[in-house]
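One structure is given here, and the rest of the page talks about it.
Values in this text are rule-based calculations from the coordinates and carry no lab data. These numbers were taken from a predicted model, which means no experiment stands behind them. Every residue, glycine among them, receives a Cβ derived from its backbone with ideal geometry; neighbour counts consider all protein chains shown.
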Amino acid sequence: MEVFEIEGGKPLSGEIAVSGSKNATTPILAATLLTTQTCVLSNLPLIEDVFRMLEILESMGAEIEWRDKRTIAITNRDIDPEKMDVEKVKRIRSSILLFGSLSARFDTFSLYHPGGCVIGARPVGTHFDALEKLGVRITQQEKGYRVDASERKSAKVVLREMSVTATENAMMLAAGMSGKTTIRIAATEPHVEDLGRFLVAMGADIKGLGTHTLEITGTGTLVGAEHAIIPDANEAATFLILGAATGSALTVKHAQEEHLDIVLEKLREFGVDFVIEEDAITVVPGRPLRAIAKLDTRTYPGVPSDVQAPFGVLATQAEGDTLIFDTIFEGRFNYVPELEKMGARATVLNPHQVIVRGKTKLHGTTIKSYDLRAGVSLIIAALCAEGKTVIEDIYQVDRGYERIEERLRKLGACIERISR
């Protein structure tokens, strides 16, 4: 087992670069299945979820060539879904994105239950309803699903909710068929737009990217394309919150202001100042942090649920009480008991709401990472704390943050990866 050992209370400074977006990379990798021609993807984040997705594609017959550290050429000429690596599918939630791309290419296939973070109920009903409106029949079996896409067709799809991955599944299937499909109540996150740009580069005609109504006209014969993955907005937000919580002057390279509007506004409410440049945002420490009345997560352009836990840590360092309301997931507060072990004062009111009371001096102890975003939040807490903190189950962090300990050490953090 690997753990992080962190000595907190050290000053941080310098620059940290944002990697490619995890949430853009995995659907775009799935979308490469829509063509037999070679696709070239650059700015890939070197994280566990991406490696697992590549392994799933390879297990089905994909040919993958690494052209440099972050660029791959992928050719899905001879693909057999029946050879899919079940164990890899069980490890990542992103494997659910194979429903859309495989339905566009194959009449029938099976898919094991997707894995991923345990952050509450993550129903697949919206996905299946969308695909069924496009003519796909999905039957649940003991260990997964049997998919019959032999009668797939273009249609009007009204999503039951603004689900990111349901939107992406419908987009991929629509792009891979001939005819015009309309998707209403579509998610508008930057990574959804990035998938759309890739599908356009492959030959699909998509109108309405960035809005809640998409019109997609597929050709039925998509071609290979080259595409650079956008920077990860969630990672950028994490590093900005790290600077704010530790009172450090950190410059976050490749942070895109237009993807972080509400995050930056909430940080300003906490009393955080910035210098915003074309390709970087710098945290300017100085003013004391103050609690905000309420922070609630919403679908984009609201505060992402993925940065709720880092904001929870920030609230421990702000004077006053902050109510955090996660409207999307009911399992996102598993980090709170770990913070309490460090001395934080927080009260979980119900599965969706917690009050964090600050300002609190945190102290080092042994804690555990229960999911990806909780894990990186506990790293922030450990860097704020006095003394040594040990964080267990750090595979969760590796799923979404590339060698984070090496990057943080360049900022002056005392953090080590230890094998036990």
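When ranked by the protection proxy of mean other Cβ atoms within 10 Å per residue, highest first, what sequence do the peptides 8-18, 128-138, 75-85, 89-99 form?
Going by the mean number of other Cβ atoms within 10 Å, highest first, we get 89-99, 128-138, 8-18, 75-85.
Taking R0 as 35 Å, what FRET efficiency do you get between GLN141 and ARG268 from their Cβ-Cβ distance, rounded to the nearest 0.05?
On the way: r = 50 Å, r/R0 = 1.43.
Between GLN141 and ARG268 the formula returns 0.10.
Tally the DSSP beta bridges in the range 339-420 and give the antiparallel ones as a percent, rounded to 5. Show your work: numbers first, answer last.
Details: 5 of 9 bridges.
Taking every DSSP beta bridge within the range 339-420, about 55 percent pair in antiparallel fashion.
Between VAL40 and ARG287, what is the label-point separation in nm under the 7 Å Cα-to-beta-carbon projection?
4.7 nm
Contact order normalised by length for the range 22-228, with contacts defined as Cα pairs under 8 Å and 6 or more residues apart; what percent is it? All intermediate terms of the calculation are to be shown ahead of the outcome.
Values: 458 pairs, mean separation 42.9, N = 207.
About 21 percent, as a whole number.
Would you mind computing, in nm to one decimal, how far apart the modelled labels at ASP205 and SER150 are, each placed 7 Å from Cα along Cα→Cβ?
With each label point 7 Å from Cα toward Cβ, the separation is 3.1 nm.
Between GLU2 and THR221, 0.36 nm times their residue separation minus their Cα-Cα distance comes to what?
Working: separation 219, 0.36 × 219 = 78.84 nm, distance 4.57 nm.
Additional length available on full extension: 74.3 nm.
Nearest 10 degrees is fine. How inclined is helix 48-60 to the longest principal axis of the chain, computing both from alpha carbons?
Between helix and principal axis, roughly 20 degrees.
Between ARG184 and GLU319, what FRET efficiency follows from the Cβ-Cβ distance if R0 is 60 Å, with the result rounded to 0.05?
Values: r = 44 Å, r/R0 = 0.74.
E between ARG184 and GLU319, to the nearest 0.05, is 0.85.
Mean separation of Cα pairs under 8 Å and 6+ residues apart, divided by the residue count of the chain: what relative contact order is that in percent? Walk me through the intermediate numbers first.
Numbers: 1026 pairs, mean separation 87.9, N = 420.
21 percent.
What order, most packed first, do the peptides 28-38, 269-279, 371-381, 291-301 have when packing is the mean number of other Cβ atoms within 10 Å of each residue?
Numbers: 28-38: 23.6, 269-279: 14.7, 371-381: 28.1, 291-301: 17.5.
Peptide ranking by packing, descending: 371-381, 28-38, 291-301, 269-279.
How much length is gained if the chain between GLU406 and LYS253 is pulled fully straight, taking 0.36 nm per residue apart and subtracting their Cα-Cα distance, in nm to one decimal? Show your work: numbers first, answer last.
Details: separation 153, 0.36 × 153 = 55.08 nm, distance 1.61 nm.
Using 0.36 nm per residue and subtracting the Cα-Cα distance, I get 53.5 nm.
When ranked by the protection proxy of mean other Cβ atoms within 10 Å per residue, highest first, what sequence do the peptides 339-346, 302-309 form? Don't skip to the end; give the middle numbers.
Working: 339-346: 20.0, 302-309: 23.4.
Averaged packing, sorted descending, gives the order 302-309, 339-346.
For the pair CYS414 and VAL390, how long in nm is the line joining their label points, each one 7 Å along Cα→Cβ?
1.7 nm
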